[in-house]
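Structure provided below as structure tokens; questions to follow.
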Amino acid sequence: MSNPTTPRPVRVRFAPSPTGELHLGGLRTALFDYLWARHTGGAFILRIEDTDQKRYDAKSLESLMRGLRWLGLEWDEGPDVGGPHAPYIQTERAAFYQQHAQMLLDSGAAYRCYCTAERLTEMREEQRRTKQTTGYDRRCRHLSPAERAEREAAGMPSVVRLAVPTEGKTTFTDLIRGDITVDNRQLQDEVLLKSDGLPTYHLAAMVDDHLMEISHVLRGEEWLSTAPIHKLVVEAFGWELPVLVHLPVILDPSGKGKMSKRKKVVEGKEYLALVHEFISAGYLPDAMFNFLTNVGWNYDPMVEIFEREEAIERFDITQINPKAAALPYDKLDWLNGQYIRQITPAALKAQLTPILSKQLKISEAKLSADNRLDILVPQIQERLKRLDEAVEWIDWAFKSADEIVYDDPSLLLGRKLDAAQSIAVLEDGAAVLRTIEPFLPDNTQAAFRERATALGVSAGGYFGPFRAAISGKKVSPPLFESMQALGRDEVLRRVQRGVEELGKMG
Ligand code: GLU
């Protein structure tokens with residue numbers, strides 16, 4: 001497939017730092033990498049940027065991979081699957097970065113800096129006090145060979161810094177934003193290699209992008225300000241930057257602030273931001289795939305639902321919109337509802353099982369074998385937007401009759417009926433229920449309608465007390481299927497409880 005943005009074979013990488021849970025913004029970056037790789041027949045690489053050992057969090061690596069796989073973003077090369085450029089975990093690649101730092105030291109593009117943390121703190125405080133811009137003052141850049149030798153002989157720890165040109169300008173190109181130029185005086189002599197021998201992002205990412213033959217870098221807009229440094233680093237090596245595409249930031253639902261991992265309440269409403277939260281809330285991967293594809297890119301303004309293959313076919317990085325956008329969570333819920341209706345009840349049951357298991361505290365094995373779910377799932381399929389809503393719909397079916405709470409006993413009153421009349425309906429129906437054979441929804445419904453007519457009560461008036469007695473709720477799945485799910489004996493126990501509750505109303 002043709003690729004107008006570079007003559008090189010397409011190789012893209014998702015390069016997260018395992019420092020915390022994967023965020024929806026990160027997942028969107030990975031998705032765009034994946035779409036572009038699949039669109040062009042290129043390779044999608046997962047690289048783990050774990051060189052910041054202070055912030056490393058082993059759990060987040062596992063969860064990150066789970067999140068990507070949940071969305072169906074299988075990588076062609078990466079830590080667990082291997083590939084021609086293994087290893088794909090940066091701490092396992094330290095020797096590469098050290099060699100490359102040495103190349104820059106040898107060419108004079110970088111220098112060793114021996115300044116201690118205390119000196120740097122003092123320097124910064126002094127700069128603040130005298131209202132200068134803060135930043136490294138380049139003291140070690142100007143050391144004489146003798147001064148260097150002295151420090152080396154004394155075994156002083158050092159970092160390697162990039163010697164940024166002190167004059168002139170640096171220009172780089174972003175595919176969707178055009179040329180961006182900065183004055184070199186605004187740049188710092190950034191650290192490339194730390195005193196622990198591990199690289200910073202500026203060195204590690206550039207070396208790996210080069211060695212791994214990355215053709216396009218898709219990353220969040222927050223990295224835009226580092227691009228001039230990256231341009232200078234690759235120039236120092238005599239390489240070229242991959243095609244850069246900085247993806248628009250994602251805003252919180254108010255559209256005012258950047259979506260954050262921490263602050264999750266906006267305008268009084270809680271919103272989800274972490275991928276594992278969306279998974280446990282019961283969003284379907286297909287819905288999320290569809291939704292995120294349209295965050296910063298648009299499949300077709302007239303088409304809401306599309307197949308993954310169709311998105312891959314059309315995806316075009318040149319059409320990514322650089323403008324920040326708020327996430328339309330309502331749209332996600334709507335889409336999720338659409339996808340929930342498309343799957344088979346058996347598939348829906350399988351998706352619901354882990355969520356219900358957690359909430360109802362019943363093992364997944366037990367739930368999978370439970371025919372109450374087989375009966376109720378098709379009844380609620382039309383009504384769900386998020387899978388976790390299923391709990392509210394059907395929790396009553398997994399309680400015992402004694403555990404049903406009648407918070408609002410007035411729900412037990414049939415329409416236009418008082419307590420005594422509602423009791424009469426329940427008792428009339430209970431007698432009917434004992435005789436129905438087989439105990440199936442159509443039979444129960446026909447018998448109930450007949451009895452309602454015989455008693456001169458509307459069907460709604462007759463059904464209402466049963467609905468409330470069974471679930472304790474105002475809204476619940478259709479009555480006769482609910483009865484079937486519970487079984488005759490349990491229904492009768494609940495009807496009895498309804499009678500007792502109504503009795504208390506006097
Ligand atoms: N490790 C960086 C991050 O955590 C990657 C940025 C990039 O893709 O270059 O987001």
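The values are calculated or read from the model by the stated rules, or taken from the named source; none is laboratory data. A quick note: this is a predicted structure, and the numbers were derived from the prediction, not measured. Note that each Cβ is placed from the backbone with ideal geometry, even for glycine, and that neighbours are counted across all protein chains shown.
Checking the condition within 14 Å of the chain's Cα centre (by Cα) and at pLDDT 80 or above, which residue from ASN290, ASN294, ASN298 passes?
Values: ASN294 fails: within 14 Å of the chain's Cα centre (by Cα); ASN298 fails: within 14 Å of the chain's Cα centre (by Cα).
Answer to the check: ASN290.
Now for a different question. With respect to ALA273, is the statement that it is out of contact with any Ser or Thr (no Cβ under 6 Å at 6 or more places or on another chain), at pLDDT 95 or above and not acidic (Asp, Glu) true? If you could, list the steps in order and put the result at the bottom.
Details: out of contact with any Ser or Thr (no Cβ under 6 Å at 6 or more places or on another chain): yes; at pLDDT 95 or above: no; not acidic (Asp, Glu): yes.
It is false that ALA273 is out of contact with any Ser or Thr (no Cβ under 6 Å at 6 or more places or on another chain), at pLDDT 95 or above and not acidic (Asp, Glu).
Within region 57-70, is even one residue buried (at least 18 other Cβ atoms within 10 Å of the Cβ) and within 28 Å of LEU232 (Cα to Cα)?
No, region 57-70 contains no residue that is buried (at least 18 other Cβ atoms within 10 Å of the Cβ) and within 28 Å of LEU232 (Cα to Cα).
Report the residue count in region 1-47 for those that are at pLDDT 95 or above, among the small types (Gly, Ala, Ser), in a loop (DSSP other than H, G, I, E, B) and more than 12 Å from the ligand (Cβ to nearest atom).
2
Being of a type in the set (Ser, Thr, Tyr), within 15 Å of the ligand (Cβ to nearest atom) and within 20 Å of ALA37 (Cα to Cα) is the requirement here; does SER215 meet it?
Numbers: of a type in the set (Ser, Thr, Tyr): yes; within 15 Å of the ligand (Cβ to nearest atom): yes; within 20 Å of ALA37 (Cα to Cα): yes.
Here the answer is yes, as SER215 does meet what is asked.
Give just the number: which of (1) among the polar types (S, T, N, Q); (2) part of a helix (DSSP H, G or I); (3) within 19 Å of ARG372 (Cβ to Cβ) does SER476 not satisfy?
(2)
Further, regarding this structure: Give just the number: which of (1) surrounded by 15 or more Cβ atoms within 10 Å (Cβ to Cβ); (2) more than 16 Å from the ligand (Cβ to nearest atom); (3) part of a loop (DSSP other than H, G, I, E, B) does PRO84 not satisfy?
Only one criterion in (1) surrounded by 15 or more Cβ atoms within 10 Å (Cβ to Cβ); (2) more than 16 Å from the ligand (Cβ to nearest atom); (3) part of a loop (DSSP other than H, G, I, E, B) is unmet by PRO84, namely (1).
Would you please list the contacts, defined by Cβ atoms under 9 Å and residues six or more apart or on different chains, that run from a residue in region 234-258 that is at pLDDT below 90 to a residue that is among the β-branched types (Val, Ile, Thr)?
Between residues of region 234-258 that are at pLDDT below 90 and residues that are among the β-branched types (Val, Ile, Thr), the close pairs are ASP252/VAL266; PRO253/VAL266; SER254/VAL266; LYS256/VAL266; GLY257/VAL266; LYS258/VAL249; LYS258/ILE250.
Out of (1) surrounded by fewer than 16 Cβ atoms within 10 Å (Cβ to Cβ); (2) over 19 Å from ALA110 (Cβ atoms), what's the single condition that is false for LEU211?
If we test LEU211 against (1) surrounded by fewer than 16 Cβ atoms within 10 Å (Cβ to Cβ); (2) over 19 Å from ALA110 (Cβ atoms), just (2) comes out false.
Another question, then. Identify, please: which residue in region 123-164 is aliphatic (A, V, I, L, M) and in contact (Cβ under 8 Å) with a residue 40 or more places away in the chain and is, among those, farthest from ILE229 (Cα to Cα)? It would help to see each step written out before you state the result.
If we filter region 123-164 for residues that are aliphatic (A, V, I, L, M), which is where we start, we get 123, 143, 146, 149, 153-154, 156, 159-160, 162-164.
Keeping just the survivors that are in contact (Cβ under 8 Å) with a residue 40 or more places away in the chain gives 156, 159-160, 162-164.
Working: MET156: 27, VAL159: 17, VAL160: 14, LEU162: 9, ALA163: 10, VAL164: 8 Å.
The residue in question is MET156.
Could you pull out the residue among LEU224, LEU193, LEU187, LEU198 that is more than 12 Å from the ligand (Cβ to nearest atom), within 31 Å of the chain's Cα centre (by Cα) and aliphatic (A, V, I, L, M)? Break it down stepwise before answering.
Details: LEU224 fails: more than 12 Å from the ligand (Cβ to nearest atom); LEU193 fails: within 31 Å of the chain's Cα centre (by Cα); LEU187 fails: within 31 Å of the chain's Cα centre (by Cα).
Within the list LEU224, LEU193, LEU187, LEU198, the selection yields LEU198.
Can you report the number of residues in region 99-138 which are assigned to a helix (DSSP H, G or I), crowded, with 16+ Cβ neighbours inside 10 Å and not aliphatic (A, V, I, L, M)?
1
Quick one: how many residues across region 340-359 are hydrophobic (A, V, I, L, M, F, W, C), assigned to a helix (DSSP H, G or I) and surrounded by fewer than 16 Cβ atoms within 10 Å (Cβ to Cβ)? It would help to see each step written out before you state the result.
Of the residues in region 340-359, the ones hydrophobic (A, V, I, L, M, F, W, C) are 340, 343, 346-348, 350, 352, 355-356.
Next cut, assigned to a helix (DSSP H, G or I) only: 340, 346-348, 350, 352, 355-356.
Then drop every residue that is not surrounded by fewer than 16 Cβ atoms within 10 Å (Cβ to Cβ), which leaves 346-347, 350.
Within region 340-359, residues that are hydrophobic (A, V, I, L, M, F, W, C), assigned to a helix (DSSP H, G or I) and surrounded by fewer than 16 Cβ atoms within 10 Å (Cβ to Cβ) number 3.
Looking only at region 297-339, count every residue that is hydrophobic (A, V, I, L, M, F, W, C) and in a helix (DSSP H, G or I) and tell me the total. Let's see the steps before the verdict.
Looking only at region 297-339, we keep the residues that are hydrophobic (A, V, I, L, M, F, W, C), and these are 297, 302-303, 305-306, 311-312, 315, 317, 320, 324-327, 332, 334-335.
Restricting the remaining residues to those that are in a helix (DSSP H, G or I) gives 311-312, 317, 332, 334-335.
Selection size over region 297-339: 6.
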